[in-house]
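Data block below; observations after.
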Amino acid sequence: MIKPEISVCIPAYEMDGHGAGYLEILLQKLEEQDFRDFEVVVSDQSTDNRIEDMCNDWSDRLNIYHVWNREAPRQASANINHALDCAEGGILKVLFQDDYLCDRSCLAHVHQRFMETGCDWLLCGSGVVRDGDTIERAMVPSLNEKLHFGKNTVSSPSVLAIHRRCVERFDENLIWLMDVEFYKRLWEAKGEPEILPTTLVANRIHAYQVSNRVDRRLQARELDYVWRKYAAKSTTSGKLEYLKRRMKTIFST
């Protein structure tokens with residue numbers, strides 16, 4: 001069996017009844033991609049069958065695989081790891097179900113850069129969308145010494161692609177800091193990423209996203225966990241970022 005060049009890896013769940021609708025928009029954008037040698041892997045933690053039904057409806061238009069992941073911890077880190085582990089492509093492109101590719105040449109650009117450079121990981125430009133159409137706040141990803149403590153200058157995991165030789169996976173102890181800690185770990189293990197500055201990914205802002213449900217106790221717990229992992233290796237600016245954010249979990253109202 002010939003394996004695809006790219007696997008688009010999507011962690012999915014019902015998202016208060018909106019998950020299937022967001023996923024359909026994502027799949028529509030994938031269908032429009034100029035680059036065609038890709039598969040779609042949907043790891044599903046839903047309690048209903050709407051995501052599975054959506055994947056079945058699209059199976060004649062996209063090379064799409066629906067895989068259940070109901071037994072794992074119900075969180076994005078475990079769910080995206082399952083999608084990555086089920087993927088067959090040489091390049092693993094992360095894409096969350098409420099985000100989408102806003103440029104039809106996105107996968108072509110990603111593939112070309114991997115082929116030209118032989119890189120291990122890549123980040124692309126992004127923006128946010130509130131109304132399903134207009135892209136705002138264009139952002140070119142960059143790394144910084146405060147990254148793992150929440151100073152996110154990269155954006156969401158949907159801007160990330162890794163080569164399948166990368167064995168690193170998201171830390172399943174994390175929810176709020178799962179993305180920035182992973183970027184930090186890839187940076188340490190693989191060096192600088194390739195950067196595609198063009199806005200290729202739309203990050204949707206909506207009432208049902210996980211970040212709206214993060215409370216101070218979870219923030220404090222995750223900051224302390226990341227501190228224990230990286231205190232010895234963090235720069236002075238990183239340590240100060242930890243202290244600043246940790247104090248906010250105590251004194252913010």
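We did not get these values from a lab; they are worked out from the coordinates using the rules stated. Keep in mind the model is a prediction, meaning the values are calculated, not measured. For neighbour counting, all protein chains shown are included, and Cβ atoms are generated from backbone atoms with ideal geometry for every residue, glycine included.
How much of the pair distance distribution for region 89-131 lies past 17 Å, counting alpha-carbon pairs only, in percent? The calculated P(r) of region 89-131 puts 35 percent of pairs beyond 17 Å. The magnitude of the dipole of the chain, with charges of +1 and -1 set on the Cβ of Lys/Arg and Asp/Glu and taken from the Cα centre, is near 1520 debye. The helix-only estimate of mean residue ellipticity at 222 nm for the chain, built from DSSP H runs of length n ≥ 4 each weighted as -39500 (n - 2.57), is -11000 deg cm²/dmol after division by the residue total. Among the trypsin sites (Lys or Arg not before Pro) in region 76-182, those located in a DSSP loop and surrounded by at most 10 other Cβ atoms within 10 Å of their own Cβ are 165.
With the largest listed first and rounded to whole Å, the semi-axes of the equivalent ellipsoid of region 73-219 from the Cα gyration tensor are 22, 19, 15. The Kirkwood hydrodynamic radius of region 1-90, based on inverse pair distances between different Cα atoms, is 13.1 Å. The Rg/Rh ratio for region 62-143 is 0.98, where Rg is the radius of gyration of the alpha carbons and Rh is the Kirkwood radius. What the phi angles of region 235-245 give under the Karplus curve with 6.51, -1.76 and 1.60, with θ = phi - 60°, is a coupling list of 6, 4, 5, x, 5, 5, 5, 4, 4, 4, 6 Hz, glycine and proline written as x.
Quick one: length gained pulling residue 59 to residue 228 fully straight, 0.36 nm per residue minus the C-alpha distance? In short, 56.4 nm is gained.
Among the trypsin sites (Lys or Arg not before Pro) found in region 9-80, those both in a DSSP coil and sparsely packed, with 16 or fewer other Cβ atoms within 10 Å of their Cβ, are 36, 61, 70, 74.
Under 5 Å from the amide H of residue 65 lie the amide H atoms of 40, 41, 42, each residue being 5 or more positions distant or on a separate chain, with H modelled from the backbone and absent for Pro and chain starts. Listing 199, 236 from fewest to most neighbouring C-beta atoms within 10 Å gives 236, 199.
The distance separating the Cα centre of region 63-110 from that of region 157-191 comes to 14 Å. Given the alternatives (i) 0.94; (ii) 1.12; (iii) 0.98, Cα Rg over 2.2 N^0.38 Å as computed for this entry is given by (iii).
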